[in-house]
Amino acid sequence: MRIRLLSTRWFVGIAVVTTAFSVAASSMVAETQWRREVVSLDAANTAYDGRFTFVRLQYGMALGRFGGRGLPPWAHDYPRAERNFMKILDEITGLTPFLGPTGGNILRLGDPELYKYPLAYMSEPGFWTMTEEEMLTLRHYIEKGGFLIFDDFRGRHWYNFEKQINLLLPEASLVELDVSHPIFHSFFEIESLDFVQFYRRGGRPSFFGVYEDNEPTNRLLLIANYNNDIGEFWEYSDTGFTPIELSNEAYKLGVNYIIYSMTH
C-alpha cells in the first residue's frame, strides 16, 4: 500500500508556522550558533510544574555506537530539535510548554518520573535496548495513558525496533497508518502522507502504530516514523540547511502527535 504524507492547510496555523520559519531561516547567526553549541547530556531536568514538557528517552545500547558530535543515538538532534519544536508549539497552541535551553527533560526508560508526562520521544530505536525493569516501567507508562513517538530509523533498523516492541507489548501488532487516522487531523489537517524523507536511501517513509487491544477504534499507543527523521528537520529548521516547507511539514506532524496524545 502506497502511503502519502504532505501538505496541510489549517487556516491561521499554517501562516504562523510559515512566518515563524521565514524569520528563523533568515537569521544570519543561526548557523554560527549551531556550529559552536557544546552539547551536554548532564543538564538538570526541570521539575514537573504542570506545563507540557518534552521528554526524550535515554536507553542503553547493545552496540557502542555514537553518532554525530560524539552523542549516543538516543540523543540525536538534542537539544536543538526539542528546543525549536517547543517554540513553535508555544506560538500556535495554548499549551505554554517548557521553553528552557534544553527544550525539555531527559529520562531513562525506568525512571518513575516518566509517569508525570503524557508523551515521550525516542530517537534511533534501531539501537534501543532495555532491561526488565525498564521494560515494565515503559509498559506501565503506556497502559496508564502515556504516548510514545519513535523517530529517526530506517532500513534494517526496523528489525531491532520490532524486536523491542514485541518485548514491550507482547500481544501488540504494529500496523501501518494511513492519512485517515485521527492523529493526522488532531490540529493540522494533513491531507496526504507524501512526505519527503530525510534519508536518501531508506525507502519510502511510513507511519506505524499500535492500538490498545489491537482494536483500531481504540486509542493509539504509539507512532513510529519509519524511514524518516522529523527531529532532524526540527533541529535544522533555523539554519537554512533544510527547506522551510519540509521543516513545516515535520512540525505539523509533531504538533498533531502532541495534541492527539493530550486528547486521547
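The values are calculated or read from the model by the stated rules, or taken from the named source; none is laboratory data. No experiment lies behind these values; they were computed from the predicted model shown. Glycine also receives a Cβ, built like all others from the backbone with ideal geometry; neighbour counts cover every protein chain displayed.
Remarks
- Qualifying residue in the range 188-203 (condition: closer than 17 Å to PRO125 by Cβ and in contact with an Asp or Glu (Cβ under 6 Å, 6 or more places away or on another chain)): yes
- All of SER237, SER247, SER206, SER173 fail the test of being over 25 Å from TYR115 (Cβ atoms), polar (S, T, N, Q) and surrounded by fewer than 17 Cβ atoms within 10 Å (Cβ to Cβ), apart from SER173.
- Answer residue from the range 129-144, given it is under 14 Å from LYS163 (Cα atoms) and of a type in the set (Ser, Thr, Tyr) and is nearest to the chain's Cα centre (by Cα) among those: THR129
- Evaluation of GLU113 against the conditions (1) surrounded by fewer than 17 Cβ atoms within 10 Å (Cβ to Cβ); (2) without any contact (Cβ under 8 Å) to a residue 40 or more places away in the chain shows that the sole unmet condition is (2).
- Residue in the range 29-38 that is assigned to a helix (DSSP H, G or I) and at pLDDT 95 or above present: no
- Matching residues in the range 214-231 - criterion: being at pLDDT 95 or above and either of a type in the set (D, E, K, R) or over 13 Å from the mean Cα position of the chain (by Cα) (or both): ASN214, GLU215, PRO216, THR217, ASN218, ARG219, LEU220, LEU221
- Pick from the range 153-210, criterion of a type in the set (Lys, Arg) and farther than 27 Å from PRO243 by Cα, ranking: modelled with the lowest pLDDT: ARG156
- Filter pass, GLU113 being outside any loop (DSSP other than H, G, I, E, B), over 17 Å from TYR211 (Cα atoms) and in contact with a Gly (Cβ under 6 Å, 6 or more places away or on another chain): no
- Filtering the range 215-251 to residues that are of a type outside the set (Ser, Thr, Tyr) and part of a loop (DSSP other than H, G, I, E, B) leaves GLU215, PRO216, ASN218, ARG219, ASN227, ASP229, ASP238, GLY240, PHE241, PRO243.
Residue-by-condition table, conditions (1) touching a helix residue (DSSP H, G or I) at 6+ places or on another chain (Cβ under 6 Å); (2) of a type in the set (Gly, Ala, Ser):
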position	(1), (2)
MET86	no, no
ILE106	no, no
LEU109	yes, no
LYS116	no, no
TYR121	no, no
PHE127	yes, no
LEU136	no, no
TYR141	yes, no
GLY146	no, yes
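- Of all residues in the range 150-177 being touching a Leu at 6+ places or on another chain (Cβ under 7 Å) and not aromatic (Phe, Trp, Tyr), the one that is farthest from ASP213 (Cα to Cα): GLU162
- Any hit, the range 51-58, residues being closer than 21 Å to THR137 by Cα, polar (S, T, N, Q), modelled with pLDDT of 95 or more and within 18 Å of the chain's Cα centre (by Cα): yes
- Some residue of the range 53-75 being touching a residue at least 60 places away in the same chain (Cβ under 8 Å), out of contact with any strand residue (DSSP E or B) (no Cβ under 9 Å at 6 or more places or on another chain) and under 24 Å from TYR260 (Cβ atoms): no
- Test for THR137: is it surrounded by fewer than 15 Cβ atoms within 10 Å (Cβ to Cβ) and among the β-branched types (Val, Ile, Thr): no
- All of TYR78, TYR121 fail the test of being of a type in the set (Phe, Trp, Tyr), surrounded by 20 or more Cβ atoms within 10 Å (Cβ to Cβ), part of a loop (DSSP other than H, G, I, E, B) and in contact with a strand residue (DSSP E or B) (Cβ under 8 Å, 6 or more places away or on another chain), apart from TYR78.
- Residues being among the small types (Gly, Ala, Ser), over 15 Å from the mean Cα position of the chain (by Cα) and over 16 Å from GLU143 (Cα atoms) - total across the range 92-128: 2
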